[in-house]
1. List the chymotrypsin sites (Phe, Trp or Tyr not before Pro) in the stretch 161-233 that DSSP assigns to loop (not H, G, I, E or B) and whose Cβ has at most 12 other Cβ atoms within 10 Å. Which are they?
2. Please compute the length gained on full extension between residue 219 and residue 146, using 0.36 nm multiplied by the number of residues separating them and subtracting their Cα-Cα distance.
3. Taking only C-alpha pairs under 8 Å that are 6+ residues apart, what is the relative contact order of the chain in percent?
4. Which of the listed residues, 65, 52, 107, is farthest toward the dipole's positive end in the stretch 45-151, when Lys, Arg count +1 and Asp, Glu count -1 at the beta-carbon?
5. Could you tell me the relative contact order of the stretch 45-151? Use alpha-carbon pairs under 8 Å, at least six residues apart, and round to a whole percent.
6. Mind putting a number on the dipole of the stretch 100-145 about its Cα centre? Charges go on the C-beta only, +1 for Lys and Arg and -1 for Asp and Glu, and I need it in Debye to the nearest 20.
7. Treating only the Cβ of Lys, Arg, Asp and Glu as charged (+1, +1, -1, -1), what charge dipole size does the stretch 1-92 show about its Cα centre? Round to the nearest 20 debye.
8. Quick check: pseudo-label points 7 Å beyond the Cα along Cα→Cβ at residue 63 and residue 230, how many nm apart are they?
Amino acid sequence: MKPYVICHMVASIDGRILHSRWRPRTTDGGALFERLHERLDGDAWLVGRVTGREVARAAPYADQADRPYPREPWLARRDARAYGVVLDARGKIAWGRADIGGDPIVVALTEQVSDTHLAGLHKDGVSYFFAGERELDLRLVLEFLDRELGVKRLLIEGGGNTNGAWLRAGLIDEISLALCPVVDGADGAPSVFDSSVRDADLTAPVAQMSLERCEVLERGVVWLRYRLRNGGT
């Protein structure tokens with residue numbers, strides 16, 4: 001059984017998510033995001049490599065491993081109230097920390113990652129697991145989080161490319177979107193859902209979206225929650 005997956009984002013009215021570009025400067029997008037994140041009460045939250053790297057603290061790991069590491073999951077903790085899950089397919093992030101905001105870091109890797117990177121994760125106390133040989137399989141990510149960490153409610157909070165990958169995979173059950181009365185207006189600015197050039201022609205298998213909740217917050221922010229039914233063409 002897979003976790004219930006909510007994509008949670010805060011955006012301008014034109015769907016842009018880089019808060020520093022918003023005008024007028026009337027909304028603290030980061031503070032609003034965190035407050036609604038807490039209200040959603042997930043067992044884990046997930047971001048991609050680019051977002052994860054923004055909070056990493058270490059220089060690249062050493063270029064030699066102390067020993068060979070089997071391609072098996074390693075969990076430093078199993079008792080956390082919530083986990084911070086990061087998709088890092090080829091092991092590019094050197095952490096220098098074991099948690100983000102008190103939530104233990106859990107990294108999803110492919111089997112292409114090096115032994116030196118695994119040694120670095122062990123040293124930092126960062127948990128990891130494998131979800132594919134060469135490419136990450138998002139369904140395997142969900143299965144692992146449910147089976148090994150008991151995650152029943154997962155918040156997808158990545159950049160547009162990460163969010164878009166989950167949408168196109170048909171794995172998002174709900175979209176939580178706080179629309180702020182600000183604009184970006186720039187072509188190519190980061191959006192709620194994006195794709196790589198390779199995936200640009202792929203459509204999301206969303207058959208239906210139903211508005212489950214609408215809440216007007218301070219300063220004209222509107223918090224929308226849509227339930228998705230996947231499987232359409």
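Laboratory data are not the source of any read-out in this text; all were calculated from the coordinates shown. For clarity, every value in this text was computed on a predicted model and none was experimentally measured. Please note: Cβ atoms are built from the backbone with ideal geometry, for glycine as well, and neighbour counts cover all protein chains shown.
1. Loop-located and lightly packed - none at all.
2. 22.5 nm
3. Over the chain, the number comes to 28 percent.
4. About the Cα centre, the residue reaching furthest to the positive side is 52.
5. The normalised contact order for the stretch 45-151 reaches 30 percent.
6. Computed charge dipole of the stretch 100-145: roughly 100 debye.
7. Here the stretch 1-92 has a charge dipole of around 220 debye.
8. 4.1
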